[in-house]
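Only one structure is covered here, and it is reproduced in the block below.
The values are calculated or read from the model by the stated rules, or taken from the named source; none is laboratory data. Quick caveat, the model's predicted, so the values are computed rather than measured. All Cβ positions, even for glycine, are placed from backbone atoms using ideal geometry, and neighbour counts span all protein chains on display. Accessible surface areas use protein heavy atoms only, side chains included; no ligands, DNA or RNA. Shrake-Rupley method; radii C 1.70, N 1.55, O 1.52, S 1.80 Å.
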Amino acid sequence: MDHFLYRDGALHAEDVPVAEIAAEVGTPFYLYSTATLTRHFQLFDDALSWGPHMVCYAMKAASNQAVLRILAQCGAGMDVVSGGEYARAIAAGVSGDKIVFSGVGKTEEEMRTALSGGIRQFNLESEPEMERLNRVALSMGVVAPVAVRVNPDVDAKTHAKIATGKSENKFGIPIARAREVYARIAQLKGLKAVGIDVHIGSQLTDLTPYRLAFEKVGQLTDALRADGHDIQRLDLGGGLGIPYARGNEAPPLPSEYGALIRETLGDKGCEIEIEPGRLVAGNAGIMVSKVIYVKSGEGRDFLILDGAMNDLIRPAMYDAYHDIVPIIEPEAGAEQQPYDIVGPVCESGDTFARQRMMPPLGEGDLVAFRSAGAYGAAMSSEYNTRPLIPEVLVNGHQFAVIRPRPTFEEIINRDTLPPWL
Ligand code: LLP
């Protein structure tokens, strides 16, 4: 459930008509709902309430300071994957002991930043990284808490570009090597193993791959404990999918996911960490865009919008489906017609949907892309020198711009000329 609903024939974000925001901010823009963000965080927190746990929001999904602050105020920890994300989390008021650091290519500088600013744990992805973190920690006279991200060789049955748990993927250490790796960690004075980490992919719509992975993690927990390691935490990653096509998809609920964790790992006496991104932010955000032209092509009509692939890249990159709805509610039983819905960027890939049935739309009409809160603004760029689009937050009757649209001048002034030009 989200808080973008039609009321009196007009799409609202919580209590604010979307058209009112568009009139003030200009299109295109991203729009987030505070109530949806907090609700989704709460669903995960409740799903794990049977035991000690921490929900570490995967902030790669949407990392605006306002979004992070809302979640931090709910008690969320953060999952970060770069020095930049670490800095954003700290700036949003998250304390270091609630931040887990994931990612396959942590640099020495990033390790130092996190070790000096405070860190809950590093999720180690390779043996060279383990050795380097040990050296960095020793040079700083500290001990780095670590979990090893194991690769369980499980097929997450999701889009190939976002599956991470198969042995051919670049992620984690093969689970079969885990005992050796933990034995090595026990010898390294700069590291302390505190848990095990696993993340098998994103937009999972079936619990079976999770079950397979969690069972393997359970067996590994027992084996590592038998080897004498103090495994206190299990970080189970993120990945729970969301319904992108309303009415046609029903991915598992956080409560079902929480019950599966309890069933497979609840008896280990471990603190459970999870790193959801998409399910927290995805349906908490929409992208609002305006029709610039309706163009009749051969055998098809194009809706040319002012939003483009640089603003929302998921359809171009993953052939992702997003519901696209008019801001004015179509009357029940209103006629529909197929459109190819595209942006102005000079690539055929700048296509959001082909032959999508929509009520008739004309120049100046507004549409909303649903489920755009995760990996929308966070993956946007200024390709074609189209300014990063604003982010706006709604809270009840109020709304505020939480990232303004840069001016052309600001964009141009970011470049610096070499002295010889
Ligand atoms: N933890 C780790 C280690 C991850 O790599 C990810 C996502 C997450 C947690 C959060 O997963 P989530 O709950 O959001 O599924 N840009 C793609 C998704 C990339 C996901 C990358 N890793 C998309 O737009 O579909």
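All other residues whose Cβ lies under 10 angstrom from that of Asp340 are scored, Lys and Arg at +1 and Asp and Glu at -1, for a net of +3. Centre-to-centre separation between the Cα atoms of segment 41-56 and those of segment 209-224: 20 Å.
Summed over qualifying helices (DSSP H, 4 residues or more, each -39500 (n - 2.57)) and divided by its residue number, the chain shows a 222 nm mean residue ellipticity of -8500 deg cm²/dmol.
Net charge near Arg69, counting Lys/Arg +1 and Asp/Glu -1 over other residues with Cβ under 14 Å of its Cβ?
Combined, the nearby Lys, Arg, Asp and Glu give +2.
The H on the amide N of Ala13, modeled in the peptide plane, is under 5 Å from the matching H of Val18, each at least 5 residues off or on a different chain.
On average, how much accessible surface per residue is there in segment 221-262, in Å², for a 1.4 Å probe, leaving out ligands, DNA and RNA? Mind showing how you got there, number by number?
Values: 1720 Å² over 42 residues.
Per residue, segment 221-262 has an accessible area of 41 Å².
Ranked by the mean number of other Cβ atoms within 10 Å of their residues, highest first, the peptides 293-302, 243-252, 271-280, 135-144 fall in the order 271-280, 135-144, 243-252, 293-302. So which of Lys192/Lys268; Lys161/Lys189; Lys192/Lys216 end up more than 29 Å apart, counting from Cα to Cα? Violating the 29 Å Cα-Cα cut-off are Lys161/Lys189.
Give the percent of DSSP beta bridges with both residues in the chain that are antiparallel, rounded to the nearest 5.
Numbers: 34 of 70 bridges.
Just about 50 percent of them are antiparallel.
Would you mind telling me the share, in percent, of accessible area of segment 276-323 contributed by carbon and sulfur at probe 1.4 angstrom? Each step should come with its number before you reach the end.
Numbers: 810 of 1650 Å².
On segment 276-323, the fraction of accessible area on carbon and sulfur atoms equals 49 percent.
Note on Lys189 and Thr208: their simple-model spin labels are 5.1 nm apart, each label 7 Å out from Cα toward Cβ. Taken one residue at a time, the phi angles of segment 92-98 give Karplus couplings (6.51, -1.76, 1.60, θ = phi - 60°) of 7, x, 7, 7, x, 6, 10 Hz. Gly and Pro are set to x.
Karplus-derived 3J(HN,Hα) values for segment 5-15, using 6.51 cos²θ - 1.76 cosθ + 1.60 with θ = phi - 60°, are 10, 6, 9, 6, x, 10, 5, 10, 9, 6, 9 Hz; glycine and proline are entered as x.
In this simple spin-label model, placing a label point 7 Å from the Cα along the Cα-to-Cβ direction at both Arg177 and Gln398 gives a separation of 5.1 nm. The residue list Gly297, Gln337, Asn248 was ranked by how far each Cα lies along the charge dipole of the chain toward its positive end, using unit charges on Cβ atoms, and Asn248 comes out on top.
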